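Asks: To start, I am sharing the structure in question, which I have written as structure tokens.
The values are calculated or read from the model by the stated rules, or taken from the named source; none is laboratory data. All of these numbers come straight from a predicted model, not from anything done at the bench. With ideal geometry, Cβ positions are generated from the backbone for all residues, glycine too; neighbour counts draw on all protein chains shown. The accessibility values were calculated without ligands, DNA or RNA, using every heavy atom of the protein model including side chains. Shrake-Rupley method; radii C 1.70, N 1.55, O 1.52, S 1.80 Å.
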Amino acid sequence: LDSAATLLGMPDSRHWVLLANHADKTLLRNDVTFEVGRQLGMAWTPRSRDVQVRLNGGYDGVYQLTEHIRIASDRVNIDELDAAVTSEPDITGGYLLQIDELALGAPRCFTTAVAQVTICGEDPEDLDARPAQRAYISGYVQSAENALYSADFASATAGYAAYIDVDSAIQYFLANELVKNVDGNLQRSTYLFKPRGGKLHFGPLWDFDLAIGNATYDGAPDPQGWYIRNAPWFARMFEDPAFAARVAQEWREMKRDGRLDALLAYVDRRAIELGDAQARNFERWPILDVNIFANVPMPMPNSYDAEVAYMRRFLVDRIAWLDSQLGGP
């Protein structure tokens, strides 16, 4: 926007996103996973509202008006780095980063030496023009990875926990594993941030249109089986019994507190709220019987209700399988 504005009750900003959710015919997968992030108490999860868009007098359907991921007091609340900063303590933060293998080789990106994770600067974005800051953050991330794969990796003072905020790693893992997010295995669409003087944090959440069974590859339609746990950094963290125990404890607390039941109720409520709007959207965009990108084939003729029922059933079965793995004593 030309100037900051409060939109539909969300904190004021100039920077917003209209998500089409075109590959997600429930129009809900991003919103539902954002709700998981809020349930888990992540530091910040994008707020959003469904809107119907008119452009130049023409109706263009339902979009998800969403806060843009950026450094701000109401969003990723860390210090911004001035380009002139070259020394500690200021050079230690803040950094907003994104894991994105598709950007391999871009000037703003670097790749870790052990797990070959490609990490790109989001803010500051011009890391190539800030050699001291690039050297600091790439060095810090590499130190974190080195500690993770060291013999003392489980040590609280010498291992990964000295560099990585473990609570945020657990929250990220559970949110992405619950929805079996095919983009969440440290290859794409994974955000990280590092506050000044602080550790590397996972989050915020982003990009779930292919989650909750909505893709045909990598075993995505099967509600059973690990996915995020197989990602390099997480596979190593799970070799630490203390990390595995904390993940299981957080899962049991989610179940005990009723958060998982509340998530299913949230799906039901949001589908009802979209009601007439989704019907009008699919009149404008008649794609319910069209395979979009990697969609799982649905019985024809397809309907919005069938899409929501499929997504809900996936979540029910996914919760049951994860409970069989994490819900024991």
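Asks: Go ahead and set up a Gaussian network model of the chain, Cα springs under 10 Å, then flag whichever of V308, V51, V32 fluctuates most.
Replies: Result for the chain, Cα springs under 10 Å: V51 fluctuates most.
Asks: Any chance you could get the radius of gyration and Dmax over the Cα atoms of segment 150-215, in Å?
Replies: Every Cα atom of segment 150-215 included, Rg and Dmax give 13.6, 41 Å.
Asks: Say a paramagnetic label sat at a point 7 Å from the Cα of Q249, along Cα to Cβ; which residues of segment 174-194 have their backbone N under 12 Å from it?
Replies: The answer is none, because no backbone nitrogen lies closer than 12 Å to the label point.
Asks: Then there's this: Of the options S48, T33, I69, report the single residue whose Cα projects farthest towards the positive end of the charge dipole of segment 32-71 (beta-carbon charges: Lys, Arg +1; Asp, Glu -1).
Replies: I69
Asks: What is the dipole size for segment 32-126, taken about its Cα centre, with +1 at each Lys and Arg Cβ and -1 at each Asp and Glu Cβ, in debye to the nearest 20?
Replies: So the dipole magnitude of segment 32-126 works out to roughly 480 debye.
Asks: Which trypsin sites (Lys or Arg not before Pro) does segment 1-71 hold that lie in a coil by DSSP with at most 13 other beta carbons within 10 Å? Display every interim value, and only then the final one.
Replies: Working: sites: R14, K25, R29, R38, R47, R49, R54, R70; in loops: R14, K25, R47, R70.
Here the trypsin sites (Lys or Arg not before Pro) that fit, given the DSSP loop and packing criteria, are R14.
Asks: Just to confirm a number: summing +1 for Lys and Arg and -1 for Asp and Glu over residues other than D74 whose beta-carbon lies under 11 angstrom from that of D74, what do you get? Intermediate values should be presented prior to the final figure.
Replies: On the way: positive: R47, R70, R75; negative: D12, E67.
Result for the neighbourhood of D74: +1.
Asks: Same structure, new question: What size of dipole, in debye to the nearest 20, comes out for the chain about its Cα centre when the only charges are +1 on Lys and Arg C-beta atoms and -1 on Asp and Glu C-beta atoms?
Replies: Its charge dipole is roughly 400 debye.
Asks: With r defined as the distance between the Cβ atoms of F293 and S150 and R0 fixed at 45 Å, what FRET efficiency is calculated, to the nearest 0.05? Intermediate values should be presented prior to the final figure.
Replies: Details: r = 40 Å, r/R0 = 0.89.
With R0 = 45 Å, the Cβ-Cβ based efficiency is 0.65.
Asks: List the pair-distance distribution P(r) of the chain, using every Cα-Cα distance, as the percent of pairs falling in each 10 Å bin from 0 up to the bin containing the longest distance, rounded to whole percents.
Replies: So the P(r) values, bin by bin, are 5, 24, 32, 25, 11, 2, 0.
Asks: Here's another thing I want to ask about it. Pop out the carbon and sulfur fraction of the accessible area of the chain as a percent, whole number, probe 1.4 Å.
Replies: 50 percent
Asks: Quick one: putting +1 on the C-beta of Lys and Arg, -1 on the C-beta of Asp and Glu, what dipole do you get for segment 72-220 around its Cα centre, in Debye to the nearest 20?
Replies: Taking the Cα centre of segment 72-220 as origin, the dipole is about 260 debye.
Asks: Still on this model: Tell me the per residue accessible area of the chain using a 1.4 Å probe; a whole number in Å² is fine.
Replies: Numbers: 14150 Å² over 329 residues.
Ligands and nucleic acids excluded, the result is 43 Å² per residue.
Asks: Convex hull over the Cα atoms of segment 160-256, averaged projected area in nm²? Please report the intermediate quantities before stating the final value.
Replies: On the way: hull surface 26.1 nm².
With every direction weighted equally, the projected area is 6.5 nm².
Asks: Would you please name the chymotrypsin sites (Phe, Trp or Tyr not before Pro) within segment 239-328 that are DSSP coil residues with at most 16 other C-beta atoms within 10 Å of their C-beta?
Replies: For chymotrypsin sites (Phe, Trp or Tyr not before Pro) across segment 239-328 that sit outside H, G, I, E and B with at most 16 neighbouring Cβ atoms in 10 Å, the list reads F293.
Asks: Go ahead and set up a Gaussian network model of the chain, Cα springs under 10 Å, then flag whichever of P46, P297, P195 fluctuates most.
Replies: P297
Asks: Looking at the chain as a GNM with Cα springs under 10 Å, which of S189, S73, S48 has the largest mean-square fluctuation?
Replies: Evaluated over the chain, the most mobile residue of the options is S73.
Asks: May I ask you to derive the FRET efficiency for E239 and M300 from their Cβ-Cβ distance with R0 = 35 Å, giving the value to the nearest 0.05?
Replies: Details: r = 46 Å, r/R0 = 1.30.
It comes to 0.15.
Asks: Given the -39500 (n - 2.57) contribution per DSSP H run of 4+ residues, what per-residue ellipticity at 222 nm results for the chain, rounded to the nearest 500 deg cm²/dmol?
Replies: -11500 deg cm²/dmol
Asks: First check a/c for segment 15-79, with a ≥ b ≥ c the square roots of the eigenvalues of its C-alpha gyration tensor; if it is under 1.5, answer rounded, and if not, answer prolate when a/b is larger than b/c or oblate otherwise. List each step's numbers first, then the result.
Replies: Details: a/c = 3.39, a/b = 1.56, b/c = 2.17.
Verdict is oblate for segment 15-79.
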